[in-house]
1. So for L87, L23, what's the accessible-area order with a 1.4 Å probe, most first?
2. Let me check I've understood the local charge: for T88, count other residues with C-beta under 12 angstrom from its C-beta, Lys and Arg +1, Asp and Glu -1. What total comes out?
3. How are the alpha carbon pair distances in the chain distributed across 10 Å bins from zero to the largest one, expressed in percent?
4. Determine the gain in length on full extension of the stretch A41-R16; use 0.36 nm per residue of separation and subtract their C-alpha separation, reporting nm with one decimal.
5. Leaving out ligands, DNA and RNA, what percent of the accessible area of the chain is carbon and sulfur, probe 1.4 Å?
6. Go through 51-60, 1-10 and give me the packing order, highest mean Cβ count within 10 Å leading.
7. Using the heavy atoms of the protein chains and a 1.4 angstrom probe, tell me the accessible area per residue for the chain in square angstrom.
8. With the contact rule set at Cα under 8 Å and sequence spacing of 6 or more, what percent relative contact order holds for the chain?
Amino acid sequence: MPVVNQCAVEDCAYNRDHGCHALAITVGDTRHPHCDTFFTASDKGGDPSATGRVGACKVSDCRHNSDYECRAPAIAVGYHQSDVDCLTYAPA
């Protein structure tokens with residue numbers, strides 16, 4: 001599973017020091033590469049010793065997607081306008 005090598009979304013419950021600490025995230029729907037795992041909470045979650053990974057990607061038109069699995073070596077998550085997106089998304 002590809003690592004989330006950067007997350008610029010500091011208010012995410014899984015973000016600590018620009019790192020994702022969810023064991024696995026899900027990206028997108030059939031039209032948009034948003035981070036489905038993003039949510040805010042008053043305290044931080046995830047495993048602070050783990051680096052987040054991409055568990056599934058539902059964006060079938062991304063060049064890194066093969067059978068709904070991400071094949072990019074790593075991804076970055078951040079803001080695209082006001083959305084929390086996979087910034088590694090690239091149209092096929």
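1. Result of the area sort, largest leading: L23, L87.
2. In short, +1.
3. Over the chain, the share of Cα pairs per 10 Å bin runs 19, 55, 23, 2 percent.
4. Between A41 and R16, full extension yields 7.7 nm more.
5. For the chain, the apolar C and S fraction of the accessible surface comes to 49 percent.
6. Most protected by this proxy first, the peptides run 51-60, 1-10.
7. Details: 5220 Å² over 92 residues.
On a per-residue basis, 57 Å².
8. Numbers: 228 pairs, mean separation 31.0, N = 92.
Relative CO of the chain lands at 34 percent.
The values are calculated or read from the model by the stated rules, or taken from the named source; none is laboratory data. In this text, all values refer to a predicted model and were calculated from it rather than measured experimentally. Virtual Cβ from ideal backbone geometry, glycine too; neighbours counted across all protein chains shown. In case anyone asks, the SASA skips ligands and DNA or RNA and just uses the protein heavy atoms, side chains included. Shrake-Rupley method; radii C 1.70, N 1.55, O 1.52, S 1.80 Å.
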